[in-house]
Structures are given as C-alpha cells and as structure tokens.
Amino acid sequence: MDLVTAHIVVDLLIGAAVLVLVLFRQLQARPVNDNMRLPLILGIVGVAELVQFLQHRPHGPAVVVALAGSVAIAAIFGAIRAASVRVWVDGGQAWRQGNWLLLQARAQRMAGGSLRDAGGSPPGRGRQPAERWYRHLVAVADRS
C-alpha cells in the first residue's frame, strides 16, 4: 500500500470514528443551554455583513430573489432540524434529544463529506449549501 492510499484509509477511519461519536452524542438526552450569547453574536454579525454587502455592491431584483431564496432554504433546514429533535421540560429544565431523522441526516452529511474529502467527487462539487448560496449571491451581484 502506498503512502497516498494509507493516508486515505486513515482519513476514512478517523471520519468513521468521528461519525460514530457524533451520532451517539446526538441521540443522548441533554439539557438545553439557555445562554443566547452565541446566537445573538452570530445574528449581529450576519446583519452587519448583509448591510455591508448591500451598501457596497450594486443590487437589483436578482439579488433580492437570491436573498429570499436563501431565507427560504434556511427556513426549510430549520423545519427539518425542528422535526429531528425532541424537546421537553422535566423539573423546570428543558431537555433535547435527536431522533432517527437527525441520525440519518447527520450520517448522510458526514459520509458525503468523507467521500468528497477522499476524492469521491470532482473539485468544486459538493460544497456546503451556505457556501454555494453565498457564491451565487456574489455572482448575481457582480452581474447586476
């Protein structure tokens, strides 16, 4: 076995171990963290980036459509995430636990990423949805 093949095998084994660990943790009941600091920071950064993008680039109807599409996709993924997690209150503490839908989605996503990283798809393919939408938004703005 040559060095490249050994490297790919090690990468796949590490990916499989991480997959098992993540899936195991997703199915465990865990308390919900009520600290909203990180979502608040990410929301502020997102709004600031959007305002900066819209101020410094010409935009037309195509950019508005792309942004609306991005919001729609985020809503769809949020609905899928909501359907894949059970939330309940026990003794005044909110708890959460993933179900089979979350397990399946995480397994497919991680397996797809491992295959892509191991050379399973051509370069430039298989990018994350957010990255694809951002690149599309920039391309549309450049054409406007």
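Step through the residues of the stretch 38-43 one at a time and calculate ³J(HN,Hα) from phi using the Karplus curve (6.51 cos²θ - 1.76 cosθ + 1.60, θ = phi - 60°), rounding each to whole Hz and writing x for Gly and Pro. Once θ is set to phi - 60°, the couplings for the stretch 38-43 become 5, x, 5, 4, 5, x Hz. Couplings 3J(HN,Hα) of the stretch 90-96, computed from phi: 9, x, x, 10, 6, 10, 9 Hz, in residue order, whole Hz [Karplus 6.51 cos²θ - 1.76 cosθ + 1.60, θ = phi - 60°; x for Gly and Pro].
In the stretch 20-89, a dipole from Cβ-located charges (positive for Lys and Arg, negative for Asp and Glu) runs towards its positive end, and of VAL64, PHE24, LEU38 it is PHE24 whose Cα lies farthest in that direction.
Along the stretch 68-80 the Karplus relation, 6.51 cos²θ - 1.76 cosθ + 1.60 evaluated at θ = phi - 60°, assigns HN-Hα couplings of 4, x, 5, 5, 5, 5, 4, 5, 5, 5, x, 5, 5 Hz to successive residues, with x for each Gly and Pro. Which shape class, rounded, prolate or oblate, goes with the stretch 1-45 when its Cα gyration tensor gives a ≥ b ≥ c as root eigenvalues, a/c under 1.5 marks rounded, and past that a/b bigger than b/c marks prolate? Oblate, because a/c is 1.5 or more while a/b does not exceed b/c.
Taken together, the values in this text are just the output of simple stated rules run on the coordinates, not laboratory data. Since the structure is predicted, the reported quantities are computational estimates derived from the model, not experimental observations. Counting neighbours? That spans all protein chains shown, and the Cβs are built from the backbone with ideal geometry, glycine included.
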